[in-house]
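A.B. asks: Here you go, one structure.
The values are calculated or read from the model by the stated rules, or taken from the named source; none is laboratory data. What you see is a predicted model; the values in this text were computed from it and never measured. Using ideal geometry, Cβ is built from the backbone for each residue, glycine included, and neighbour counts are taken over all protein chains shown.
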Amino acid sequence: NNNNNNQHPNRGRTTMMSMFKSAKDKAKEKLHHGEALSRQDRHMMYGELTLRIIAGKNLPNTDVAILNRHDKTDAYVTVDTTFEGKATSRIAQTNVVYDDLNPVWEETFVIDLC
């Protein structure tokens, strides 16, 4: 008789969830006692968002339309947090791609969530 057949099929998942909950509880306990949280603690407490900005396609040529210049748009992407419709903080910005209406960035940002 193989003992592995008697194990619950979600046991591994349950164990991982227990480990995550335990780490999260430890981070909360540190906060409660006024201790600083490490990056790993913050990750377990809140999580991270991985944001990948790939490309833009057929962007309007604002240099000609708005600035009356004869070159193409210098494109970049910004990511801001907002509160009640107002920008509160810039959390990511791509590099500028000059003179291109179809820019490719392929940039990744890791943002701590709280």
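A.B. asks: Taking the stretch 97-114, which residues are of a type outside the set (S, T, N, Q) and touching a strand residue (DSSP E or B) at 6+ places or on another chain (Cβ under 7 Å)?
C.D. replies: Let us first name the residues in the stretch 97-114 that are of a type outside the set (S, T, N, Q), namely 97-101, 103-107, 109-114.
Within the stretch 97-114, Val97, Asp100, Pro103, Val104, Trp105, Glu106, Glu107, Phe109, Val110, Ile111, Asp112, Leu113 qualify.
A.B. asks: How about the stretch 72-91: which of its residues are exposed (fewer than 14 other Cβ atoms within 10 Å of the Cβ) and part of a strand (DSSP E or B)?
C.D. replies: First, pick out the residues of the stretch 72-91 that are exposed (fewer than 14 other Cβ atoms within 10 Å of the Cβ): 74, 78, 80-90.
Thr78, Asp80, Thr81, Thr82, Phe83, Lys86, Ala87, Thr88, Ser89, Arg90, listed by residue number.
A.B. asks: Kindly indicate which of Phe83, Phe109 is among the aromatic types (Phe, Trp, Tyr), on the phi < 0 side of the Ramachandran plot and modelled with pLDDT under 85. Break it down into steps so the answer makes sense when it comes.
C.D. replies: Details: Phe109 fails: modelled with pLDDT under 85.
Going through Phe83, Phe109 in turn, the sole match is Phe83.
A.B. asks: Taking interchain pairs and intrachain pairs at least six residues apart, which have beta carbon atoms under 6 angstrom, with the first residue in the stretch 103-114 and more than 13 Å from Asp80 (Cα to Cα) and in the same structural domain as Thr73 (by TED's automatic domain parsing) and the second of a type in the set (Phe, Trp, Tyr) and modelled with pLDDT under 95?
C.D. replies: Short answer, once both residue conditions are applied: Leu113/Tyr46; Cys114/Tyr46.
A.B. asks: Further question: Do we find that Pro103 is at pLDDT 95 or above and in contact with a Leu (Cβ under 9 Å, 6 or more places away or on another chain) in this structure? So that I can check it myself, show each step before the final result.
C.D. replies: Numbers: at pLDDT 95 or above: yes; in contact with a Leu (Cβ under 9 Å, 6 or more places away or on another chain): yes.
When the stated conditions are applied, Pro103 passes them.
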